[in-house]
Amino acid sequence: MRPPSPSIPEREFALSALQQSMRIDGRTLLEIRPINLTFGPALGCVECELGKTRVLAFIDSKMIKPPEERPLEGIISIHSEISPMASSAYETGRPSDEEVAITRMLEKVLRRSDAVDRESLCIVAGQRVWHLRLTLHFLADAGNMLDCACLAAVAALRHFRRPEVEVVGEDVITYDPSERPPIPLAMHHTPYVLTFALFPFASTPAPQQTKLSSTHVPTPQLANSSITAVLDPSPLEASLLPSSSPSLLSLALTPQRELCVVNKAGGVPVSPEEFLWLVKVAEERVREVEACLEGGLLKAKAEAEGIGSL
């Protein structure tokens, strides 16, 4: 059962606000919603909240025999599930278009960009490698689930630890965490996804900026631009885009300013100057997201050490 579409007055009011560089929820056009990361007691279990959007990521591992064509690399598989718990728009056992799009984007961001060093997951060449299974459960859909899912996945990979192993002859000995501390994953980079909704009109400067958080750095709009870019769109803002060809631009970047993936399927055309400006905006916001993740990891580590010392 699909939720009711916004009424005509709601759509007109939201569009009028965007044309004046204002948003219904009080954010600026280039401001993301508050991020909250909750790390579970198990390593690799993370719940990410982006505003009211919630995604739970969990990683488990096992040893398997690698495929013959890649005997020196471990395997990373990604599975996602959007159940009616997230929204009444989804059905159990029937993958939606959005679920398929999110899974494909995560495959590009995490697997094809080699975020994790898969050769470090090899135990015995051609015989034993680690198989990491990343499972994403979407708990609440309040808009922009892709960015929330990517952040949850990256946080789970950073939080996960695999058991220490030792090869003795033809035997592989797996040590319990109480015997030897588990080992973090070797990661080449940590990509984050940021999504913009693009509208085919130029917005006027807002008469008064909203109160920003201490970590948010305002970015001026590009002069003489024919589009209005809205970062981290809400469900209402996303519904204003044409359903046949929504103007959504998703950028996967690292805090080191590496552009990993660009995803834009149709919609409003973007000039080279506008695209470079959007990348610059994303670079600034990625540093904010990275700082939030680093703070959450340090807090989780301190809590785990406190529990272990009891």
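Its relative contact order, with pairs defined as Cα atoms under 8 Å and 6+ residues apart, puts the chain at 20 percent. Less than 5 angstrom separates the built amide H of VAL116 from those of HIS188, all sequence-distant by 5 or more or on a different chain. If R0 equals 30 Å, the separation of the Cβ atoms of SER5 and ARG104 corresponds to a calculated FRET efficiency of about 0.70.
Hey, with R₀ at 30 Å, roughly what FRET efficiency would ARG70 and ALA42 work out to, going by the Cβ-Cβ distance, to 0.05? E between ARG70 and ALA42, to the nearest 0.05, is 0.60. What base-10 log of the normalised intensity I(q)/I(0) is obtained for region 35-188 from the Debye formula, alpha carbons as equal point scatterers, at q = 0.16 Å⁻¹? Listed by q, the Debye log ratios stand at -0.89. If you run the Gaussian network model on the chain, springs between alpha carbon atoms under 10 Å, then out of SER113, SER271, SER234 the most flexible one is SER271. Translational diffusion coefficient of the chain (Stokes-Einstein, Kirkwood radius from Cα pairs, 37 °C, 0.692 mPa s): 156 µm²/s. A simple rule links phi to the HN-Hα coupling: the Karplus curve 6.51 cos²θ - 1.76 cosθ + 1.60 with θ = phi - 60°, which for region 164-174 gives 6, 10, 9, 9, 10, x, 9, 9, 10, 9, 9 Hz, with x for Gly and Pro. Set against the 2.2 N^0.38 Å expectation for a compact globular protein, region 1-105 has a Cα radius of gyration ratio of 1.53. The string of couplings for region 112-119 from the Karplus curve (6.51, -1.76, 1.60, θ = phi - 60°) is 5, 7, 6, 5, 9, 6, 6, 5 Hz, one whole number per residue in order, with x for Gly and Pro. Here the Karplus curve 6.51 cos²θ - 1.76 cosθ + 1.60, taken at θ = phi - 60°, turns the phi angles of region 286-302 into couplings of 4, 5, 5, 5, 4, 5, 5, 5, 4, x, x, 5, 5, 5, 5, 5, 5 Hz, with x standing for Gly and Pro.
The label point for ARG94 and the one for GLN19, both projected 7 Å from the Cα toward the Cβ, are 3.8 nm apart.
The numbers here are math on the coordinates, done by the rules we state, and not lab data. From a predicted model like this one, the values you see are computed outputs, not experimental measurements. Positions of Cβ are generated from backbone atoms using ideal geometry, with glycine treated the same way; all protein chains shown enter the neighbour counts.
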